[in-house]
Number of protein chains: 2
Amino acid sequence: MNIIRTIRAMTSWSERLRRESVIIGFVPTMGALHDGHRALIQAARRRCDALVVSIFVNQAQFGPREDLTRYPRPIAKDRALCREEGVDVCFEPTADVMYPEGFQTVVTLPEIARRWEGEARPHHFPGVATVVTKLFGMVRPHLALFGQKDYQQAALVRQLVKDLNLGVEIEVRPTVREADGLAMSSRNVYLNADERMVAPWLSRALRTGKQAIEGGMKDGAAIERSMRKAIEQAPAIHVEYLAVCNPDSLEPLSSVTHRAVILGAIRIGSIRLIDNLLVNAPARKSRARR
Amino acid sequence: MNIIRTIRAMTSWSERLRRESVIIGFVPTMGALHDGHRALIQAARRRCDALVVSIFVNQAQFGPREDLTRYPRPIAKDRALCREEGVDVCFEPTADVMYPEGFQTVVTLPEIARRWEGEARPHHFPGVATVVTKLFGMVRPHLALFGQKDYQQAALVRQLVKDLNLGVEIEVRPTVREADGLAMSSRNVYLNADERMVAPWLSRALRTGKQAIEGGMKDGAAIERSMRKAIEQAPAIHVEYLAVCNPDSLEPLSSVTHRAVILGAIRIGSIRLIDNLLVNAPARKSRARR
């Protein structure tokens, strides 16, 4: 496995392979790799000839009071996972390389970033959109893979690629979960034993909402109430949002008649967790004759 | 010459040539081509194997009260010029292709766009940065050429390409002028005979500033006053700005000791004209011994 740190080396590696019609897959990460990342890497490995994983803790997507400095950085372990999974290049740009003096460009998607994570973390999505555009420029992949766990991020990246004609296919892979339903996340390491115990209630609440929809409940507000009621049983959880939304626009649905995404964010102490589930409303029954 | 209207056709043309290591040059335009564009195209022709000119009147870079609808669109004449100059592809995307429903991404460069044209036309540079990013994604050139006449735009594009790692070399070519010094611009066709008579006073004022600097004047404010005094002689001109600036940051210089760019914008009736000159301060004389 090559470890590449400079943009020039990364781009010339990719350009050479592209001239040889090699299909390049890309999994951008902030490191602290877990089985969710592993699943992305494996899926990319199956679809591509050459595979790049980037590890870059992107300060631009953290707010001033967020967890940038304590974000986990187990680089040796991350590289070992990449090697195990047959990654060709581990791309590890430094902050200086990514954001040199004079850097100022910002990429924003005002509609898709307006609600939910965008509202809770106003720096987040401009930071994500900008770094993804940059990484795609450096790595020049044919295909890039993102996890469904960050649903709004994946939706934003899809729209970004379409809007800026970046020419990269985006594949979003299902969330990988612990046995008790907790969505895997690099931030789960922050949870102490008590917090870890209650954390799966987020996914339980989402499942409550999913089951309500599958059972025929259509009213968005009622579905949200059922989820809040479910999670109220858990101690020490502060709900930021639990919402039933259009899976493309992420706007809340007053009535769930087709596909929906249920988005949730909670805080346990100082730790913020997000999760989501896609759901299909049951097919409408044919109307009884009058 | 190919006329291409779709993104897919444009990108696959370029990708095929890139795989064959053909060097692709690109001159993005809003049409209404004049000898300034011709000089860009000729310079590109000399440096590249394959040459794309785009013609797209980009509504995103016009303000709500600007001249979008009356902007000249002499497409047959433009294509003839491209054919004459050996252009390989005339890329003519429509507004629907460029900005389909749901489009929302905006690329901004807050520092370089803060002053001058960015202040006078707040929609302008986000529109330029966004469309240039998109066009580079569609055309995938190795080299793109811009005219010095739009100095701030060229500076913005350079920074954009660097910041987003777009991997396109930017070449800025000197402004082409009419015999009386007026910088060529598609907007010059708006000038009636009287307005056309006074229009060259903008370039005369800039030359006054240049000569003052070359003559040893260092004080930025004094140089600006000399330019204002020069242009006061012309009737019917409203000066928007005449400024001596750092050629990279575009911040005004209080003292001109090295390179500078003199930027100017005027209005004649409803027509806005801009121009600029690069200038080198004379080398500092060695100090007399005391």
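The values are calculated or read from the model by the stated rules, or taken from the named source; none is laboratory data. Treat the numbers as computed from the prediction; the structure is a model and nothing was measured. Cβ sites come from the backbone with ideal geometry, for glycine too, and all protein chains shown count toward neighbours.
Tabulated results
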| read-out | value |
| --- | --- |
| Selection from the stretch A:12-31 of residues that are polar (S, T, N, Q), in contact with a Lys or Arg (Cβ under 8 Å, 6 or more places away or on another chain) and buried (at least 18 other Cβ atoms within 10 Å of the Cβ) | A:Ser14 |
| Residues that are under 18 Å from B:Leu166 (Cβ atoms) and in contact with a Ser or Thr (Cβ under 8 Å, 6 or more places away or on another chain), drawn from the stretch A:95-125 | A:Val97, A:Thr105, A:Val106, A:Val107, A:Thr108 |
| Members of the stretch B:59-110 found to be surrounded by fewer than 18 Cβ atoms within 10 Å (Cβ to Cβ) and in contact with a Leu (Cβ under 6 Å, 6 or more places away or on another chain), listed by number | B:Gln59, B:Gln104 |
| Filter pass, A:Val53 being aliphatic (A, V, I, L, M), in contact with a helix residue (DSSP H, G or I) (Cβ under 9 Å, 6 or more places away or on another chain) and part of a loop (DSSP other than H, G, I, E, B) | no |
| Flag for B:Phe103 being assigned to a loop (DSSP other than H, G, I, E, B), touching an Asp or Glu at 6+ places or on another chain (Cβ under 8 Å) and either more than 25 Å from B:Ala39 (Cα to Cα) or not assigned by TED's automatic domain parsing to the domain that holds B:Ala243 (or both) | yes |
| Sole exception among (1) within 21 Å of the chain's Cα centre (by Cα); (2) free of Cβ contacts under 8 Å to residues at least 60 places away in the same chain; (3) within 14 Å of chain B (Cβ to nearest Cβ) for A:Thr69, by number | (3) |
| Residue in the stretch A:257-280 that is at pLDDT 95 or above, farther than 21 Å from A:Ala113 by Cα and in contact with a His (Cβ under 9 Å, 6 or more places away or on another chain) present | yes |
| Sole residue being touching a residue at least 12 places away in the same chain (Cβ under 8 Å), more than 14 Å from chain B (Cβ to nearest Cβ), surrounded by fewer than 18 Cβ atoms within 10 Å (Cβ to Cβ) and part of a strand (DSSP E or B), chosen from A:Glu171, A:Glu195 | A:Glu171 |
| Selection status of A:Glu195, under 24 Å from the mean Cα position of the chain (by Cα), over 26 Å from A:Leu156 (Cα atoms) and modelled with pLDDT of 95 or more | yes |
| Filter result for B:Ala32 (part of a helix (DSSP H, G or I) and assigned by TED's automatic domain parsing to the domain that holds B:His123) | no |
| Boolean, B:Gly36 is within 23 Å of B:Ala154 (Cα to Cα) and loosely packed, with under 14 Cβ neighbours inside 10 Å | no |
| Test: residue in the stretch B:145-160 that is within 11 Å of chain A (Cβ to nearest Cβ), in contact (Cβ under 8 Å) with a residue 40 or more places away in the chain and part of a loop (DSSP other than H, G, I, E, B) | no |
